[in-house]
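Please treat every number below as a calculation from the coordinates, not as lab data. Being a predicted model, the structure only gives us computed values, none of them experimental. A quick note on method: Cβ atoms are made from the backbone with ideal geometry, for glycine too, and the neighbour counts reach across all protein chains shown.
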Amino acid sequence: MPRLSQADLFELNRAFDERTPQELLSWSHEIFGDRLAAMTSMQEAGNVICHMLHAIPLDMPVIFVDTGVLFAETLETRDRLISEYGLDIRTLTPGLTMQQQTEQYGILYLSAEGQKQCCEMRKSAPLDQVRGDYDALIGSLRRSDGGRRGTCPILAIDTRLNCLRVNPLANFSDEHLDDYIRRNQVILNPLHQQGYSTIGCNRCTTPVLPGEPKRAGRWRHLGPWSVYCGINPTDLDPDRSPAVDFPQELIDRILGRDTDFMI
Ligand code: SF4
């Protein structure tokens, strides 16, 4: 099958740096149709994407991974997005409950190696359930979050799911995000108001103190502040030449070779 590589996307990514998130969402919807879904973990940026889908409006499923050990506030936020924005949120869950996992493997998240295994089982593996369903997944990574996200591309290759990851907010600064949330009264996870700058599982997330980096509250017990769960491939050690298998017709559409849809 023909292959589309990260290098093939270089020019398109450069052009997309000038586009608004809404334009990038509309482009994705036009190109991928019903082979497109969004993802959110009920944090600020993901909820901004959800609001944009509701406001434009664009119809697509939204994928949410419930690890089984999320905060009640996170699940309540999901339910509000369904009832108030009318979103089709599809919740994916791990094969084992946390209790079953602990009985089989012990308390994994207390060590660096165990955390990788736990996040693999509770976050990445559930997402494998949609492999083959979508050619593109919309995420909410932003370069202003720094760390490994400081250079994340708008269009990134996901070899594990054989799809593109689209990050329409890659260029959205903290000021842009705050302004959009304020002007649109975006539904937010209430934990953000309680000092949680980023929010994951209740076992591995704490509030952040003034002056600490944004991700300081994640896996604080494992420090330093450079741990990621791995559900976003661009957070991992970079694969120098990732590529996906796509039909030639889809590759041509993505690269604008046989469409007059320009943004
Ligand atoms: S964040 Fe912690 S509890 Fe959640 S999946 Fe990862 S290691 Fe496990």
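What percent antiparallel are the DSSP beta bridges of the chain, to the nearest 5? So the antiparallel bridges in the chain amount to around 45 percent. Residues Arg78, Arg215, arranged from fewest to most other Cβ atoms within 10 angstrom of their Cβ, appear as Arg215, Arg78.
GNM on the chain, alpha-carbon springs under 10 angstrom: the most fluctuating residue among Ala243, Ala72, Ala37 is Ala72. Compare the Cα positions of Tyr228, Leu12, Leu87 along the charge dipole of the chain (+1 at Cβ of Lys, Arg; -1 at Cβ of Asp, Glu; about the Cα centre) and return the one farthest towards the positive end. Farthest towards the positive pole: Tyr228. How much net charge surrounds Cys163 when only the other residues with a Cβ under 10 Å from the Cβ of Cys163 are counted, with Lys and Arg +1 and Asp and Glu -1? That works out to +1.
For the stretch 1-70, the Cα-based Rg and Dmax, in that order, read 14.3, 41 Å.
Within 10 Å, count the other beta carbons around each residue, average over each peptide in 12-20, 54-62, and list them highest first.
Working: 12-20: 13.7, 54-62: 15.6.
The densest-packed peptide leads the list: 54-62, 12-20.
Output the 0 to 90 degree angle, nearest 10, between the alpha-carbon long axis of helix 72-85 and the longest principal axis computed from the alpha carbons of the chain. Orientation of helix 72-85: about 30 degrees from the principal axis. The stretch 1-51 and the stretch 165-229 have Cα centres lying 21 Å from one another.
What angle do you read, to the nearest 10 degrees and between 0 and 90, between the alpha-carbon axis of helix 174-184 and the longest principal axis of the chain? Compared with the principal axis, the helix lies near 90 degrees.
When you count, for each residue, the other Cβ atoms within 10 Å and take the mean per peptide, how do 110-120, 152-162, 40-50 rank with the highest first?
My ranking of the peptides, most packed first, is 40-50, 152-162, 110-120.
Annotation: amide H of Phe71 within the under-5 Å range of Asn202, sequence separation 5 or more or interchain, hydrogens built in the peptide plane. Relative contact order of the stretch 3-193: 27 percent, from C-alpha pairs under 8 Å at least 6 residues apart in sequence. Considering only Asn167, Leu25, Leu108, the residue lying farthest towards the positive end of the dipole of the stretch 3-193 is Leu108, judged by Cα position with unit charges set on Cβ.
Calculate, in whole percent, how much of the Cα-Cα pair population of the stretch 3-193 lies beyond 24 Å.
Values: 7633 of 18145 pairs.
So the portion of pairs separated by more than 24 Å is 42 percent.
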